[in-house]
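Undergrad: Before anything else, here's the structure in question.
The values are calculated or read from the model by the stated rules, or taken from the named source; none is laboratory data. These numbers come from a predicted model, not from an experiment. Every residue, glycine as well, gets a Cβ built from its backbone with ideal geometry; the counts of neighbours run over all protein chains shown. Please note that ligands, DNA and RNA were not included when accessible areas were found on the heavy atoms of the full protein model with its side chains. Shrake-Rupley method; radii C 1.70, N 1.55, O 1.52, S 1.80 Å.
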Amino acid sequence: MFDSVVVDNLGRHLRDLRISVTDRCNFRCRYCMPRERFGEEHTFLPRRAYLSFDEIEKVVLACKPLGLEKVRITGGEPLLRPDLPDLVSKLSAAGVETALTTNASLLSDPAERLAEAGLDRVTVSLDALDPKTHAQMTDSNIPVEAVLDGIEAAVRAGLSPVKVNCVVQRGVNEGEISPLVRKFRGTGVTVRFIEYMDVGRTNGWQLGQVVPTADVIAYLKEEFELEPVDSQRPSDVARRWAHSDGSGEVGFISSVSEPFCGDCVRARLSADGRLHTCLFASGGHDLRAIIQNGADGEALSDAIAAIWSRRDDRYSELRSERTAVLPRVEMSYIGG
Ligand code: SF4
């Protein structure tokens, strides 16, 4: 049995597991699930193909002796998966830090139950406060108020620190940068600006649409007094800045201008049980077949250790014309 912490070919640990529990979503964010590719005719995974909550628990328990410390429940939109508090209580009982990434439009109702089940933290995707820009970016008629209500419910339920992730696209939502910081300053909610990424193969990404973090920081400094804060861990993806008056923080995730593959400790599990070793992977390893062929925890652990120990992904560091043509799984399938 492989019972010690596993490292990959670049000496990186397996510490975080992002678990997609559905490939469906009630939004059609242009940079993730553009409607022209994820419309009425799109074939989503059949629900019978989803890992059950027991099978997800098996994977998490098999990863623990390998060094797993944190899981993040994602989608698509994870709150579309029924009975999510049941999964949260299983993962919490497994002794791993449990977080959720959601668009929060469905969070108001289950927030308390998720907190009671043991959920530690919530990250909300929110790219605009302006109703028109929100509608344009999410390509949905679900109002931004539903997202803001979800954030309030998460704060009330103690799912803190609540983080708000905003993907900045040139010519689309730069005008939302300062309003988002003004909105959440002093509330304990941290806004993080993410550089637009060439995830998957459907969002038509162009480098020119990326607003580099350095530009966002310069822009914010015209209005706010911000100073850098040291990261707690090298593997933390966000670079932290704080308001000099102590009224909160702003974060920056710069996968394009400042790639952080060297410290990447993240694996991703798709809803149908395929383990991916990079957000920009071209495919994954079928753990579902291993589980359904009767493998016990030890055998599953060994299989995952073998996959991880062969890992050498560092797409963002190698991003180029050559990598641009490679097949890449969709972000909505492996959960960002
Ligand atoms: S590109 Fe892949 S290896 Fe690099 S940080 Fe992102 S997920 Fe990790």
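Undergrad: Restricting the search to segment 235-249, which residues are within 22 Å of the chain's Cα centre (by Cα) and of a type in the set (A, V, I, L, M, F, W, C)?
TA: Those that are within 22 Å of the chain's Cα centre (by Cα) and of a type in the set (A, V, I, L, M, F, W, C): Val237, Ala238, Trp241.
Undergrad: With the checklist (1) surrounded by 14 or more Cβ atoms within 10 Å (Cβ to Cβ); (2) under 15 Å from Arg15 (Cα atoms) in hand, flag the one item Ala303 doesn't pass.
TA: For Ala303, the failing item is (2).
Undergrad: Inside segment 298-336, can you point out the residues that are more than 16 Å from the ligand (Cβ to nearest atom) and either outside any helix (DSSP H, G or I) or closer than 21 Å to Ile73 by Cα (or both)?
TA: Leu300, Ser301, Ile304, Val325
Undergrad: Restricting to segment 119-139, count the residues that are within 21 Å of the chain's Cα centre (by Cα) and either assigned to a strand (DSSP E or B) or in contact (Cβ under 8 Å) with a residue 24 or more places away in the chain (or both).
TA: So the count comes out to 14.
Undergrad: Continuing with this model, one more query. Across segment 242-282, what is the number of residues that are outside any loop (DSSP other than H, G, I, E, B), farther than 24 Å from Leu207 by Cα and either open to solvent by 20 Å² or more (accessible area, probe 1.4 Å) or more than 12 Å from the ligand (Cβ to nearest atom) (or both)?
TA: Number of matching residues: 6.
Undergrad: Yes or no: segment 198-218 includes at least one residue that is open to solvent by 60 Å² or more (accessible area, probe 1.4 Å) and β-branched (Val, Ile, Thr).
TA: Within segment 198-218 (the criterion being open to solvent by 60 Å² or more (accessible area, probe 1.4 Å) and β-branched (Val, Ile, Thr)), the answer is no, since none of the residues qualifies.
Undergrad: Of everything in segment 14-52, what is closer than 13 Å to Thr102 by Cα and touching a Lys or Arg at 6+ places or on another chain (Cβ under 8 Å)? Give them in sequence order. Even if it seems obvious, please write down each step before you answer.
TA: Narrowing segment 14-52 to residues closer than 13 Å to Thr102 by Cα: 18-27, 29.
Across segment 14-52, the qualifying residues are Arg18, Ile19, Ser20, Val21, Thr22.
Undergrad: (1) within 11 Å of the ligand (Cβ to nearest atom); (2) closer than 27 Å to Lys64 by Cβ; (3) among the charged types (D, E, K, R): which one isn't true of Asp286, the others all being true?
TA: Checking Asp286 against (1) within 11 Å of the ligand (Cβ to nearest atom); (2) closer than 27 Å to Lys64 by Cβ; (3) among the charged types (D, E, K, R), the one that fails is (1).
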